[in-house]
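The values are calculated or read from the model by the stated rules, or taken from the named source; none is laboratory data. All figures in this text were calculated on a predicted structure; none of them were measured in a lab. Cβ: placed from backbone, ideal geometry, glycine included. Neighbour counts: every protein chain shown. Surface areas here come from the heavy atoms of the whole protein model, side chains and all, with no ligands, DNA or RNA. Shrake-Rupley method; radii C 1.70, N 1.55, O 1.52, S 1.80 Å.
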Amino acid sequence: MALSCMRCSPAAGAVRRGLASAAPPAALSFARCGLRRAAALGWRVAAVATTGVQGAKDAGLEKAARSASQSKVENGSPSEIILDDFEDLSPLSENDDSTVSITVVGASGDLAKKKIFPALFALYYEDCLPKHFTIFGYARSKMTDAELRNMVSKTLTCRIDKRCLTRLDLLTIILNILRENCNEKMEEFLKRCFYHSGQYDSEEHFMDLDKKLKQHEGSRVSNRLFYLSIPPNIFLDVVKCASKSASSGNGWTRVIVEKPFGRDSDSSSALTRGLKQYLVEDQIFRWIDHYLGKELVENLSVLRFSNLVFEPLWSRQYIRNVQLIFSEDFGTEGRGGYFDRYGIIRDIMQNHLLQILALFAMETPVSLEAEDIRNEKVKVLRSMKPLQLEDVVIGQYKSHTKGGTTYPGYTEDKTVPKDSVTPTFAAAALFINNARWDGIPFLMKAGKALHTKGAEIRVQFRHVPGNLYKRSFGTDLDTATNELVIRVQPDEAIYLKINNKIPGLGMRLDRSNLNLHYAARYSKEIPDAYERLLLDAIEGERRLFIRSDELDAAWELFTPLLKELEEKRIAPELYPYGSRGPVGAHYLAAKYNVRWGDLTTEQKA
């Protein structure tokens with residue numbers, strides 16, 4: 001049974017004492033958070049798996065687990081754990097001298113209910129939160145502590161990984177142990193959740209919140225994190241009130257700001273100046289792109305910088321084009337009022353896809369420190385020219401009937417103006433003017449109501465010069481092109497398309513995938529991006545958050561295009577709901593001798 005904190009790399013723990021003559025124990029994973037819970041629960045499961053419930057009690061393993069306090073950890077990965085080492089296990093996050101107070105501003109909203117509170121519970125379940133912490137919900141809605149807890153409890157789930165269980169006779173026993181632990185953790189978590197009702201622009205109401213926070217913090221050093229799950233037009237009101245009336249007096253105060261962060265360069269700069277009236281840059285955690293917290297995006301730099309086979313190929317000499325693709329198979333579905341103010345370019349391209357591009361194309365940073373990584377990303381953005389209209393195609397989905405079901409068009413959404421020209425699809429070609437990437441097209445594509453849902457990075461390599469086997473591929477050499485695909489979601493995978501010989505006496509070639517399919521390779525569930533980014537904010541790790549100069553550089557690339565589209569009211573090309581998008585996107589790719597990789601029939605990794 002794999003039990004681990006999602007922040008950490010798994011490492012098998014071998015049971016060497018007390019179970020030497022028993023059946024092989026379950027694998028346990030330990031890392032920098034979750035040590036005590038994983039240890040205690042892990043030994044309990046191992047005992048059941050080998051000697052049964054009574055045998056576990058007789059062996060005294062539960063007692064040994066409860067008394068465990070520390071583990072030897074080397075180079076960020078756990079060392080092999082034996083029973084003698086259990087006496088050294090302890091959570092690295094435990095500190096009796098300080099406490100963390102997390103205030104979710106806008107706690108009654110959908111984002112808080114569906115993402116933030118579940119992510120916080122996931123961190124608590126894995127013992128990744130500090131020993132002393134309190135969570136407060138803050139919103140205008142009238143609500144009691146009990147009502148908040150009831151609302152939150154409906155969205156909480158535990159990670160009970162069944163994929164490692166192969167002995168069916170033990171399945172019920174082990175899952176009962178895990179579910180029992182899950183229910184206990186939920187109850188403990190909800191006891192730490194409280195609610196305070198107040199106006200977003202009232203310093204008096206934030207002073208009342210401050211009093212409640214101090215009651216829970218006691219005499220400990222108080223660290224405070226405010227998550228702004230609210231519309232951007234009230235960011236400054238909340239920051240002003242929280243800064244003046246509810247900041248920590250003896251610890252740190254940090255503020256997480258969700259996207260959208262402005263609509264263009266001017267509004268973004270104005271918002272940054274407003275925030276800096278009350279906060280310094282180190283206190284502002286701009287959560288512009290939660291995709292940076294996705295497992296496969298985080299693995300991008302590992303793939304490149306820790307594998308010699310890839311780094312020498314990562315340039316214009318071997319790469320023909322790079323594609324960053326985002327698609328959703330549903331429309332606005334009643335939420336068009338919000339979307340119509342921003343459109344697909346602001347919603348997806350300017351933040352999600354551009355951030356992935358910068359991470360993909362950056363030079364090797366001096367270190368893995370946040371500032372070094374962000375310095376390299378800024379260099380990439382500053383090496384790019386602002387987007388031109390001729391390098392962009394925009395579209396908007398229209399009504400379509402399929403299988404007897406009629407899907408409404410974008411302007412048929414009651415919350416969208418009938419004459420709206422807001423794009424629900426966009427494709428663009430961007431170029432980086434530096435020695436590594438000069439002349440290489442970086443193609444972006446993002447859209448709603450398309451034929452599939454997914455997000456991926458596709459790296460198409462150049463044709464093999466003087467290919468000895470070109471006759472086997474015919475005139476279309478694109479079918480013989482090597483391609484590296486990083487599928488961010490869903491069904492995470494990394495695969496490399498190669499050419500190989502089909503077994504037999506003849507010489508027939510085939511295209512196959514060398515693939516790393518995460519679900520098949522790793523038994524543990526991949527954590528949600530919100531978990532990773534919330535934990536980073538608590539720990540002060542800033543590499544996945546956006547610095548102000550990086551944000552400015554990003555807006556400078558898109559603002560001229562956005563203004564031209566809106567001032568000229570350029571009509572988007574219509575495409576049917578559930579289709580592959582507007583035809584214009586294919587012409588844009590063909591302009592640079594590129595084919596969209598996601599539109600070809602291929603073996604799924």
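Some notes on this structure:
- Unsatisfied cross-links (Cα-Cα over 26 Å) in the set LYS501/LYS591; LYS154/LYS191; LYS259/LYS414; LYS259/LYS379: LYS501/LYS591
- Prolate is the label for the range 313-387. Its Cα gyration tensor axes, ordered a ≥ b ≥ c, give a/c of at least 1.5 and a/b above b/c.
- Charge dipole (Cα centre; +1 on Lys/Arg Cβ, -1 on Asp/Glu Cβ; no other charges) of the range 98-258 amounts to roughly 220 debye.
- Label-point gap, in nm, between GLU311 and THR155 - each point 7 angstrom along Cα→Cβ: 4.2 nm
- For the range 98-258, the Kirkwood estimate of hydrodynamic radius, built from reciprocal distances between every pair of different alpha carbons, is 16.8 Å.
- Percent RCO, i.e. relative contact order, over the range 98-258, from Cα pairs under 8 Å lying at least 6 residues apart: 33 percent
- In order through the range 533-543: 3J(HN,Hα) via Karplus (6.51 cos²θ - 1.76 cosθ + 1.60), integer Hz, x for Gly, Pro: 6, 5, 5, 4, 5, 5, 8, x, 7, 10, 5
- Note that the range 98-258 presents 43 Å² accessible area per residue, ligands and nucleic acids not counted, probe 1.4 Å.
- Carbon plus sulfur fraction of accessible area for the range 98-258, probe 1.4 Å, in percent: 48 percent
- Between ASP266 and ASN434, the contour length at 0.36 nm per residue exceeds the Cα-Cα span by 57.8 nm.
- Among the GluC sites (Glu not before Pro) within the range 316-394, those in coil by DSSP and having at most 16 neighbouring Cβ atoms inside 10 Å are GLU333, GLU363, GLU369.
- Accessible area of the range 347-449 belonging to carbon and sulfur atoms, whole % at 1.4 Å probe: 52 percent
- Entries in LYS185/LYS453; LYS131/LYS214; LYS402/LYS453; LYS385/LYS563 that, when Cα-Cα distance is taken, lie over 25 Å: LYS185/LYS453
- Contour minus Cα-Cα distance for GLU298 and GLU147 (0.36 nm per residue): 50.7 nm
- Segment LEU509..SER399, full-extension length gain: 35.3 nm, with 0.36 nm per residue of separation and the alpha-carbon distance subtracted.
- Between the beta carbons of ASN593 and GLU564, assuming R0 = 30 Å, the FRET efficiency works out to 0.70 to the nearest 0.05.
- Long-range amide H partners of VAL488 with built H, under 5 Å: ALA455, GLU456, ILE457
- Total formal charge among the other residues, if their Cβ is under 14 angstrom from that of PHE431, Lys/Arg +1 and Asp/Glu -1: +3
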